[in-house]
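Heads up, the thing below is written out as structure tokens.
The values are calculated or read from the model by the stated rules, or taken from the named source; none is laboratory data. Note that the structure is predicted; figures quoted are calculated from it, not measured. Please note: Cβ atoms are built from the backbone with ideal geometry, for glycine as well, and neighbour counts cover all protein chains shown. What goes into the accessible areas is simple: the full protein's heavy atoms, side chains included, and nothing from ligands, DNA or RNA. Shrake-Rupley method; radii C 1.70, N 1.55, O 1.52, S 1.80 Å.
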Amino acid sequence: MRKLLAGIAVMGLWLACLAQAHAQQMTEMYIPIGQSPGVSGKSSLMGAIESVNPQKHTLAVSGPSGIQEILLTDRTRIWLDRTQARLPNLTGTLANLHKGLKVEVKFRDADQKRVAEWIKVQVAESGAPARKP
Amino acid sequence: MERRVRGRLAVGPEGVLRAPVVAACLVILSACNASPSQDLVAKGRQIFFNETFQGNGRTCGTCHPAENNLTLDPAFIATLAPNDPLFVAEFNPDLRKNFENPRLMRQFGLILENLDGFVDLDKKFVMRGVPHMLGLRTSVDSPQGPRTGWSGDGAPGDGSLRSFATGAVIQHFTKTLNRIPGQDFRLPTEEELDAIEAFSLSLGRQQDLALPLPLKGIVPKRGQEIFLDNSLGKCNRCHANAGATANFGAGSIGNANFNTGVENLPDQPADLSGELNPADDGFRTPGDGTFNTPPLVEAAETGPFFHNNAIETIEGAVAFYDGEAFNSSPAGKLLAAADPDGVGIELDGTQIVAIAAFLRVINALENIRQSVELLESSRSKGIAHRAEAKELITRSLNETQDSIRVLEGGGLHPEAVAHLREAQTFAKKAARSLFFRDRLTKQAIEEQNKARVQLVESS
């Protein structure tokens, strides 16, 4: 009986430890900024990049409620949105994030809004990061 | 009430004048009777089976056909025309490479998915079966959030069932591998997502069974006992009430993901083909090896089984849990850890067949329930809605055919099968009849109920 309860406890713990079910992020890269279902206009942050700190892996975004600092982890995905130029979207890196670019950020934790799950950044036609004119 | 109106249409000098007016009123009344949610479901059905989203010609129904329990299997695929949009990779040059594997699709019903990203398309993909969409209302929710698709992470955006269609359009509807919205497809609108979600949730069962059922057949009855026995079959732990939610003794934990070792099965059909079939790491990127728990009530009619269509029959699917691949998997080891004797799942051939027989019978009972519901709905359609009534009867015929197939496949309840065949005969006549539709439909329902009585004690 003890073994049964222990087993059930282990299983319960294992299931409880499963992190929140994340969306299939891979098709997300093709969804333009502002159009992610259930996210855009609800829990994401849309704005312009104020500054990037590659050392700290942070990004400051100027949004509707002021400037917000966002932390990037090795699990944060960055996508280059080239939909407006009718070009396929690409996977990006921190190096593609530059001041003035339009971004949308989905947070890992929708309440705390601190760690980015993904960042979409609008870039120029060439695929190279578009800088603010 | 409706019949009286119809009588007026047929007789009397004023009938000619009044007919169009009354018919128009019937249509308006009918429209008024439909609730907003019914309207949304109807809109969702229309989108699901007809909307191509300006893509390659596929609709949601291409891979989830209504006439095949919203799933694909090689036998159904073999009935499709060569220019069916399912085969778009065979005739659209832009999709010839890295979009599908036609051989694995036709032989094993497998669809290509880029679940780990859209780079290195030659090597980075997985081949998965098409999950049916029946009973979604009971099988998506979990405390960790919604779980959609084979690995529980099938939707972009917020990961909800509502968002699923957006990801599906991007993955499966595109005209080219550039996948540019507005050029290769259009994304579903918010309203379309609402409608598709409403339709998806309307499909099949709206609630879980309450086991045990008072089954009549000796073998299915024993199968149910083994299924529910947490020291023998242990099926009910992860498939509570033969659904898709888990319960380890402290209440339901909702729909869950497990690594059951399916990927470690030897001699998987797709591997035997010699085609490139990369390992599937399941939930997330990179994956944790877990896959989502599907409901079992609809299992017998929706094979092949598991995310990779590795096993063709329901008996084989049950037998999987007696094998090495499962018992050496993380889920198998957890079950063993919870067992006083340290055993995972150990069943003999007769027990495997008994559990499968149980699953066949509960599937047939669900089909009978749906058949009767559809036939009853068809009876409520007046003469102005004859086409709708015929469609409902046709859907009921599909359900009845499934009942027959799952019972006959297990050599179960021949008397019930005979009643189901009678029900088919009456329903077919009802679909054709102009004047006796109601009476014939009623007779079809009676035969369905007689079949049901053969399977389960009437409450």
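Run a plain Debye calculation on region B:57-103 (Cα atoms as equal point scatterers, no solvent) and give log10 I(q)/I(0) at q = 0.22 Å⁻¹, rounded to two decimals, same order as the q list. Each listed q maps to, in turn, -0.79. Relative to the dominant Cα principal axis of chain B, helix B:386-409 is inclined by about 40°. Restricting the calculation to Cα atoms, region B:273-350 yields a radius of gyration followed by a Dmax of 14.2, 43 Å. In plain terms, if you count all Cα to Cα distances in region B:99-153 and split them into 5 Å steps from zero, the share in each step is 4, 16, 22, 17, 18, 12, 8, 1 percent. For residue B:97, the lysines whose Cα comes closer than 19 Å to its Cα, not counting residues fewer than 8 places off in the same chain, are B:123, B:124, B:175. Based only on the alpha carbon positions, what is the Kirkwood hydrodynamic radius of region B:241-282, in angstrom? Roughly 13.1 Å, rounded to one decimal.
Quick one: helix B:437-455 against the long Cα principal axis of chain B, what's the angle to the nearest 10°, folded into 0 to 90? Computed tilt is about 30 degrees.
Taking Cα atoms only, the orientation of helix B:414-432 departs from the longest principal axis of chain B by about 40 degrees. With protein chains left intact and a 1.4 Å probe, residues in region A:38-108 average 48 Å² of accessible area per residue. Shown for region A:48-95 is the translational diffusion coefficient from the Stokes-Einstein equation, using the Kirkwood radius over Cα pairs, a temperature of 10 °C and a viscosity of 1.306 mPa s: 132 µm²/s. The mean accessible area for residues of region B:47-194, using a 1.4 Å probe and ignoring ligands and nucleic acids, is 35 Å² per residue. Residue B:328 to residue B:273: FRET efficiency via 1/(1 + (r/R0)^6), r the Cβ-Cβ distance, R0 30 Å, to the nearest 0.05? The value I calculate is 0.75. Based on the reciprocal of the average 1/r between different C-alpha atoms, the Kirkwood radius for region B:142-245 equals 16.8 Å. Exposure here means at most 16 other Cβ atoms within 10 Å; with chymotrypsin sites (Phe, Trp or Tyr not before Pro) in a DSSP loop as sites, the longest stretch of chain B lacking them is B:1-434. Taking 13 Å as the straight-line reach from the Cα of residue B:450, the aspartates and glutamates in range (excluding those fewer than 8 positions away in the same chain) are B:415, B:422. Note on the protein assembly as shown: Cα-only Rg and Dmax are 26.4, 90 Å. Using the Cβ-Cβ distance between residue A:99 and residue A:75 with R0 set to 22 Å, the FRET efficiency works out to roughly 0.35. Computing the accessible area with a 1.4 Å probe over protein heavy atoms, can you report the carbon and sulfur percentage for chain B? Ligands and nucleic acids excluded, carbon and sulfur give 55 percent.
Computed over the Cα atoms of region B:69-162, the ratio of the radius of gyration to the Kirkwood radius (Rg/Rh) comes to 1.01.
Chain A packed on chain B takes about 3500 Å² of accessible surface away from a 1.4 Å probe, both sides summed. Averaged over peptide A:29-41, the number of partner chain Cβ atoms lying within 10 Å of each residue's Cβ comes to 6.
Put simply, the amide H of residue B:118, placed in the peptide plane, has no neighbours under 5 Å, leaving out anything fewer than 5 places away on its chain. The share of alpha-carbon pairs in region B:363-459 lying farther apart than 18 Å comes to 38%. The aspartates and glutamates whose alpha-carbon is closer than 17 Å to the alpha-carbon of residue B:43, local same-chain residues fewer than 8 away aside, are B:51, B:190, B:191, B:192, B:194, B:197, B:388, B:391.
Of the residues B:343, B:286, B:359, the one whose Cα sits farthest towards the positive end of the charge dipole of region B:266-381 is B:359 (charges of +1 on Lys and Arg Cβ, -1 on Asp and Glu Cβ, taken about the Cα centre). Working ranking of peptides B:63-69, A:60-66 by packing, defined as the average number of other Cβ atoms within 10 Å per residue, highest first, is B:63-69, A:60-66. Translational diffusion of chain B was estimated from the Stokes-Einstein equation, with Rh taken as the Kirkwood radius over Cα pairs; at 20 °C and 1.002 mPa s the coefficient is 90 µm²/s. For region B:130-197, the spread of Cα coordinates along the three principal axes comes to 37, 24, 21 Å, biggest extent given first.
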